[in-house]
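Enquirer: The structure that follows is given in the form of structure tokens.
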Amino acid sequence: MASSGIDLTHQFLIAMPGMADENFAGALVYLCEHSDKGALGLVVNKPVDITLRHLFEKVELSLDRPDLAEQPVFFGGPVQTERGFVLHERLGGDGGHYSSTLSIAGGELEMTTSKDVLEALAGGAGPRRFLVTLGYSGWGAGQLEEEIGRNGWLTVGAEPSILFDTPPAERYDRALALLGVDPRMLSMDAGHA
């Protein structure tokens with residue numbers, strides 16, 4: 001649990017208008033982990049100019065699945081941008097399918113950072129629903145809570161269909177709709193009573 005008494009694991013962070021950090025302007029972040037030590041998430045709505053075919057070529061894997069070749073790779077955040085992060089549905093069985101996987105509490109998702117998940121995908125196995133990011137988003141202890149308190153982010157429970165079945169350009173608005181919020185009604189100003 002986070003020190004503030006909230007745990008935002010398996011939640012979306014929706015950047016508010018006026019987000020000062022341009023890495024996160026208009027961003028929808030999926031939080032993979034949140035504790036008193038900080039938070040780790042992946043931006044899921046900002047494709048970079050690399051497709052899965054190009055990524056697999058870069059890591060010297062042959063992608064035997066033409067249906068995946070043109071899928072976009074996403075900017076996951078400004079930390080370790082040379083490293084890949086695969087957010088995917090939890091695989092059945094006893095887990096431990098890949099050598100470096102974080103099972104995300106509260107959801108049916110996992111995040112894998114080891115190359116073996118890419119090898120499985122290249123060969124036609126692996127998770128059916130997934131997305132790949134380069135880099136991740138990280139916050140130190142109390143930093144995310146402070147940004148939320150300054151009206152930097154809205155939060156809402158994550159919906160996997162937004163991650164895997166919604167076009168990237170529509171994900172931000174779909175996440176806002178989970179809160180019943182029209183993006184045109186958002187203000188850059190924080191209200192305080």
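Enquirer: Cβ-Cβ under 6 Å, sequence separation 6+ or interchain: first residue in the stretch 128-145 and under 19 Å from residue 65 (Cα atoms) and part of a strand (DSSP E or B), partner of a type in the set (D, E, K, R) and modelled with pLDDT of 95 or more. Which pairs?
Expert: Taking only residues 6 or more apart or on different chains, not a single pair turns up.
Enquirer: Here is a further query. Could you tell me whether any residue of the stretch 90-101 is within 19 Å of residue 168 (Cα to Cα) and in contact (Cβ under 8 Å) with a residue 12 or more places away in the chain?
Expert: Checked the stretch 90-101: no residue is within 19 Å of residue 168 (Cα to Cα) and in contact (Cβ under 8 Å) with a residue 12 or more places away in the chain.
Enquirer: So which strands (runs of 3 or more DSSP E) are wholly in the stretch 7-46 and hold at least 1 residues that are touching a helix residue (DSSP H, G or I) at 6+ places or on another chain (Cβ under 9 Å) and surrounded by fewer than 17 Cβ atoms within 10 Å (Cβ to Cβ)?
Expert: 38-43
Enquirer: Among the residues of the stretch 60-73, are any modelled with pLDDT of 90 or more, under 12 Å from the mean Cα position of the chain (by Cα) and either surrounded by fewer than 16 Cβ atoms within 10 Å (Cβ to Cβ) or closer than 14 Å to residue 139 by Cβ (or both)?
Expert: no
Enquirer: If you go through the stretch 96-114 one residue at a time, how many are surrounded by 15 or more Cβ atoms within 10 Å (Cβ to Cβ) and either assigned to a strand (DSSP E or B) or at pLDDT below 90 (or both)?
Expert: Summing the residues that are surrounded by 15 or more Cβ atoms within 10 Å (Cβ to Cβ) and either assigned to a strand (DSSP E or B) or at pLDDT below 90 (or both) in the stretch 96-114 gives 9.
Enquirer: A follow-up question, please. Is it true that residue 166 is surrounded by 16 or more Cβ atoms within 10 Å (Cβ to Cβ), of a type in the set (Ser, Thr, Tyr) and at pLDDT 95 or above?
Expert: yes
Enquirer: Which residue pairs have Cβ atoms closer than 6 Å, lie 6 or more positions apart in sequence or on different chains, and pair a first residue in the stretch 2-21 that is modelled with pLDDT under 95 and among the hydrophobic types (A, V, I, L, M, F, W, C) with a second residue that is in a loop (DSSP other than H, G, I, E, B) and loosely packed, with under 15 Cβ neighbours inside 10 Å?
Expert: Between residues of the stretch 2-21 that are modelled with pLDDT under 95 and among the hydrophobic types (A, V, I, L, M, F, W, C) and residues that are in a loop (DSSP other than H, G, I, E, B) and loosely packed, with under 15 Cβ neighbours inside 10 Å, the close pairs are 2/36; 19/25.
The values are calculated or read from the model by the stated rules, or taken from the named source; none is laboratory data. Remember, it's a predicted structure, so these values are computed and weren't measured experimentally. Here the Cβ is made from the backbone with ideal geometry for all residues, glycine too, and neighbour counts use every protein chain on show.
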